[in-house]
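Q: Below: one structure in structure tokens.
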Amino acid sequence: MIINEWLPLAVLASSLLPGLVIFALPEGWIALRTTLNLFGAIAKLVLVAVLLLGVAAGEEYGVRFAVLPGLDLAFKADALGLLFISLSALLWLFTTLYAIGYLEGAPHRSRFFGFFSLCVTATMGIAMAANLFTFFIFYELLTLATFPLVVHRGTDKAMRGGTIYLAYTLIGGTALLTGIVWLHHLLGHTEFAHTGIAAALGPEYAGQLQIIFLLLIAGVGVKAALVPLHGWLPQAMVAPAPVSALLHAVAVVKAGAFGIVRIVYEVYGIEFAQSLDLLMPLALLAAITIIWGSLRALFQDDLKKRLAYSTVSQVSYIALGITLFGPIGTIGGLVHLVHQGIMKITLFFCAGNYAETLGIHKVSEMDGAGRRMPLTTLAFSIGALGMMGAPFTAGAISKAWLSDGATAAGMDWAIWVLWTSSLLNAAYFLPILWRAWSRPVPIAWPQEHIAARGWRETAWLLLLPPLFTATMTLAAGLFPESPVSPLNWAKMVAEREYRQGITLP
């Protein structure tokens, strides 16, 4: 098997094999478990770097295995998939470091890190799926791998949140499977392809294709937390902080958003989807989700739930971007897939730090937290300002391209949606920053677990990951035209998807 075939499999194996070994490790084997976790994460980053260089140079990577006649388990590492793969691989390393520090001394760590590795394996499979059948297999594996992580603590509240999560995602999976089987019946295959595959069917199939589109989007829309399919996400916040970070920034909601991108661009094709009048309803649904999530976030005192509703809003920027008919909106949506990930994981890391260090779980408990934990609060502030679209942050780049895409598509109403969302972002983030930096330090924290030691405000493994991702948030905003920036990669994807000799700014 040549290198171009085994590299995608090696990316999968770099988390799958360490995960399977970790499951069998006794709880006391901390050093070996940590070594396997870090080896897998670093190996995956190296392999992804090789894929990035190859795809940028025009190489093609893929492999397939026949399951049944006309049905293959197929993988490809293309430019679009690598945008998601790179984000997941990089943030997995940071989340692994954070989880090692967060779970120090906790029970069931081998179980946790085993499912943690399976979760990342499923995410890679989703990103590299070459057809809807492969996508579905790993999409459901992601559901099964994340459920034990959500209920990891085993409390009644955790089990209730996990059950709600499982119910939503399995119902979504049923809708997705129905759409896939129906489309396979009409076409004879479900391969992903630039400009889509559905246009091969004649106009007499338009009605059926519209219903199939609805089923497919409903299936992936559950994980993407589109209204009204978002109810599981706030409930899943009972999970430990590393899992929340995984759900919001690395795996689950990103898998749903990525699924929407694949369906619109490589199953239907952007032009064919527009001809079937499918884009405007999806754009309106994304706009409703953006505003609804922001409004709900305003009224949450629980810090993680406020961040969860923020995710409901922010992830739909991706869906809105790809429905703005034209390459500029596409770039805005794709780059936000990366930017939202690095900003949101920063916020969840910091929320976990407040909880583990001081016992802070609520916004109303944040008074003076910036004076006690200045570095964590600095990272939180950068992430929050990025979410608002403040200048020189990753969020500013995303929102600028989305606004320009709305103008280019003649959808000026979408600009008002983005501005309204930014104002609401400020309304629910600025009070947190004001409390943390400006209010006096309380007499006692809710439950201080880790004492301050000079600049060491908390454990180093909890502090370093949010500082790194906050720095990435600034770097993406300050150097958007860098050759290695997410923006430049998103431009390349847009050029390949539209294939119209477009000239991008």
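The values are calculated or read from the model by the stated rules, or taken from the named source; none is laboratory data. Remember, it's a predicted structure, so these values are computed and weren't measured experimentally. Heads up, the Cβs are rebuilt from the backbone with ideal geometry, glycines too, and the neighbour counts pull from every protein chain shown. With ligands, DNA and RNA removed, areas are computed over all heavy atoms of the protein, side chains included. Shrake-Rupley method; radii C 1.70, N 1.55, O 1.52, S 1.80 Å.
Q: Taking the Cα centre of the range 55-166 as the origin, how large is its charge dipole in debye, to the nearest 20, when only Lys and Arg (+1) and Asp and Glu (-1) carry charge on their Cβ atoms?
A: 460
Q: Give me the orientation-averaged projected area of the Cα convex hull of the chain, in nm², one decimal.
A: 22.2
Q: Considering the options PRO18, LEU433, LEU226, tell which one lies farthest towards the positive end of the dipole of the chain, charges being +1 on Lys and Arg and -1 on Asp and Glu at the Cβ, about the Cα centre.
A: LEU433
Q: May I ask for the Kirkwood hydrodynamic radius of the range 204-285, worked out over all distinct Cα pairs and given in angstroms to one decimal?
A: In the range 204-285 this quantity evaluates to 13.7 Å.
Q: Now, a different point. Give the long-range amide H neighbours of ALA129: residues separated by 5 or more places, or on another chain, with amide H under 5 Å away, using H modelled in the peptide plane at 1.01 Å from N.
A: It is LYS76, by chain and number.
Q: Then there is this: Enumerate the amide H contacts of ASP72 below 5 Å, restricted to partners 5 or more residues apart or on another chain; note that Pro and chain-start residues carry no placed amide H.
A: Here VAL67 satisfy the definition.
Q: Can you divide the C-alpha Rg of the range 321-407 by 2.2 N^0.38 Å and report the result to two decimal places?
A: So the range 321-407 has a normalised radius of gyration of 1.31.
Q: Please compute the per residue accessible area over the chain with all protein chains in place, 1.4 Å probe, rounded to a whole number of Å².
A: Per-residue value: 36 Å².
Q: Moving on to the next point. Take the cross-link list LYS44/LYS157; LYS157/LYS362; LYS305/LYS491; LYS399/LYS491; LYS76/LYS254; LYS44/LYS304 and give me the ones stretching past 24 Å between alpha-carbons.
A: The answer is LYS44/LYS157; LYS305/LYS491; LYS44/LYS304.
Q: Run the numbers on the chain and let me know its relative contact order in percent, using alpha-carbon pairs under 8 Å that are six or more apart.
A: 14 percent.
Q: Oh, and also: If you place +1 on the Cβ of every Lys and Arg and -1 on the Cβ of every Asp and Glu, how big does the dipole about the Cα centre of the chain come out, in debye to the nearest 20?
A: That gives a dipole near 1320 debye.
Q: Taking the Cα centre of the range 248-334 as origin, work out the dipole magnitude from +1 charges on Lys and Arg Cβ and -1 charges on Asp and Glu Cβ, in debye rounded to 20.
A: 340
Q: Could you list the square roots of 5 times each eigenvalue of the Cα gyration tensor of the range 223-340, that is, the equivalent ellipsoid semi-axes, sorted largest first and rounded to whole Å?
A: Whole-Å semi-axes of the equivalent ellipsoid: 26, 14, 11.
Q: Among LEU285, THR346, ILE260, whose Cα sits farthest toward the positive end of the charge dipole of the range 244-348 (+1 at Cβ of Lys/Arg, -1 at Cβ of Asp/Glu, about the Cα centre)?
A: THR346
Q: A further question follows. Can you tell me the 0 to 90 degree angle between the C-alpha axis of helix 412-438 and the longest principal axis of the chain, rounded to 10?
A: 20
Q: Which whole number in µm²/s is D for the range 371-473 by Stokes-Einstein, with the Kirkwood Rh taken over Cα pairs at 10 °C and 1.306 mPa s?
A: Estimated diffusion coefficient is 101 µm²/s.
Q: Further, regarding this structure: Going toward the positive end of the dipole of the chain, with +1 on Lys and Arg Cβ and -1 on Asp and Glu Cβ, which of ILE318, GLY161, PHE133 do you reach last?
A: Final value for the positive-end residue is GLY161.
Q: Can you give me the Kirkwood hydrodynamic radius for the range 50-188, using every pair of distinct Cα atoms, in Å to one decimal?
A: Kirkwood hydrodynamic radius for the range 50-188: 17.0 Å.
Q: To two decimal places, what compactness ratio does the range 1-123 give when its Cα radius of gyration is scaled by 2.2 N^0.38 Å?
A: My calculation over the Cα atoms of the range 1-123 gives 1.16.
Q: How far is it, in nm, from the label point at TRP437 to the one at LEU20 when both lie 7 Å from their Cα along the line to the Cβ?
A: Result: 5.0 nm between the two label points.
Q: Would you please put 348-354, 381-387 in order of how densely packed they are, using the mean number of other Cβ atoms within 10 angstrom per residue and starting with the highest?
A: Ranked from most to least packed, the peptides come out as 348-354, 381-387.
Q: Another one. Quick check on the range 418-458: what does the Kirkwood estimate of hydrodynamic radius come out to from the alpha carbon pairs, in Å?
A: 12.9
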